[in-house]
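Q: Handing you a structure now.
Readers should treat all values here as calculations from the given coordinates under stated rules, not as data from a laboratory. Nothing here was measured: the structure is a model prediction, and the numbers come from that model. Cβ atoms come from the backbone with ideal geometry, glycine included; neighbour counts cover every protein chain shown.
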Amino acid sequence: MRQSVISLLLEATTDASDEIVIAAIYALGEGGNNSSEVMARLESLANGKSHDIRVAAIKALGRASIRRYKI
């Protein structure tokens, strides 16, 4: 995934709409980029206040970790 796309998705994770945030999280988890920046943002979201966002971030971390560590 191109860096410009990753930047847009990371920015979208700060949107006021949970729906937008969850969509961005999903895209980050599926995008194949498991850089430190992406992983740190997903970890932060996994510890957030919104249940739905936490669930989405945890799932994305799982998908990204599988790729990162080739589990």
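Q: Is there a residue being part of a loop (DSSP other than H, G, I, E, B) and without any contact (Cβ under 8 Å) to a residue 60 or more places away in the chain anywhere in segment 36-44?
A: no
Q: Can I ask one more? Taking segment 36-59, which residues are surrounded by 15 or more Cβ atoms within 10 Å (Cβ to Cβ) and among the small types (Gly, Ala, Ser)?
A: Answer for segment 36-59, where residues must be surrounded by 15 or more Cβ atoms within 10 Å (Cβ to Cβ) and among the small types (Gly, Ala, Ser): Ala46, Ala56, Ala57.
Q: Scan segment 8-34 residue by residue and report those that are surrounded by 14 or more Cβ atoms within 10 Å (Cβ to Cβ) and either on the phi > 0 side of the Ramachandran plot or not in a helix (DSSP H, G or I) (or both).
A: Selection gives Thr13, Gly31, Asn33, Asn34.
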